[in-house]
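The values are calculated or read from the model by the stated rules, or taken from the named source; none is laboratory data. Remember, predicted model here, so these are calculated numbers, not experimental data. Glycine gets a Cβ as well: all are built from the backbone with ideal geometry, and neighbour counts include every protein chain shown.
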Amino acid sequence: MKGLLAGLALLVALGVLFFFYASPAAPPDEMTAGEHEGIVTTIMGITDDMVDVWNAHDLAANQSFFHPEKTSFAWATAVHDYDGLEERFREVWSGAERQETSWTARKIEVLSEDLVLFQGSFDLKIFYSDGRVGQYPGTCHYTVLFEPYNGEWKITYGGYAYGGYQVIEEG
């Protein structure tokens, strides 16, 4: 329960940050429209790659999306740092053979040339080793901040909330 509350608190805090600092109609004043569009396009590509990596259960590639020193990610019952997040993905993927993930909605808000807020919802279907198939039909929500690190955009802070799990095939 504490993890759920921590995740919800993080999502509320990010929402407040988004409300007060985001400018959805135009890029920040210090940025040209072309620079803004370039960042949006880059983040869109990264999040496209993320679902491919998740579907492949590629732990090393998944870790490459996160900042190695600044990761703080609320998921389930804990807030994970970089190493803890790797362990969490390893644990979740250990009982599954594969998954099918696809974004149902994405919003990218460029807060500055050094800070991007991403919010997305996705469908997730998990195929377990024992034959079960479970689905989160559009009930997975991902909110993260991206910051530049060594010339690439990396996730620093964020959270993953989910609900509405359905067993669609028994094992």
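Here segment 96-121 is the region considered, the condition is being over 13 Å from Pro28 (Cα atoms) and small (Gly, Ala, Ser), and the residue that is nearest to the chain's Cα centre (by Cα) is Gly120. The residue that is farthest from Met44 (Cα to Cα), counting only those in segment 120-142 that are touching a residue at least 24 places away in the same chain (Cβ under 8 Å) and small (Gly, Ala, Ser), is Gly131. Just one of the listed residues (Phe66, Phe127, Phe122) is of a type in the set (Phe, Trp, Tyr), surrounded by 13 or more Cβ atoms within 10 Å (Cβ to Cβ) and within 21 Å of Tyr149 (Cα to Cα), namely Phe66.
Contact map, segment 149-160: first residue closer than 16 Å to Thr42 by Cβ, second residue small (Gly, Ala, Ser) and surrounded by fewer than 18 Cβ atoms within 10 Å (Cβ to Cβ), Cβ cut-off under 6 Å, separation 6 or more or different chains; the map is empty.
Listed by first and then second residue, the pairs linking a residue in segment 95-107 that is within 13 Å of Phe122 (Cβ to Cβ) to a residue that is part of a strand (DSSP E or B) and basic (Lys, Arg), with Cβ atoms under 8 Å apart and 6 or more places separating them unless they lie on different chains, are Gln99/Lys125; Glu100/Lys125; Thr101/Lys125. Filter segment 107-126 down to residues that are over 20 Å from Glu152 (Cα atoms) and not small (Gly, Ala, Ser), then give me how many there are. The qualifying residues number 5. Within segment 69-87, the set of residues being surrounded by fewer than 17 Cβ atoms within 10 Å (Cβ to Cβ) and within 21 Å of Asp123 (Cα to Cα) comprises Ala76 only. I'd like to check something: does segment 142-154 contain any residue that is assigned to a loop (DSSP other than H, G, I, E, B), more than 13 Å from the chain's Cα centre (by Cα) and modelled with pLDDT of 95 or more? Checked segment 142-154: at least one residue is assigned to a loop (DSSP other than H, G, I, E, B), more than 13 Å from the chain's Cα centre (by Cα) and modelled with pLDDT of 95 or more.
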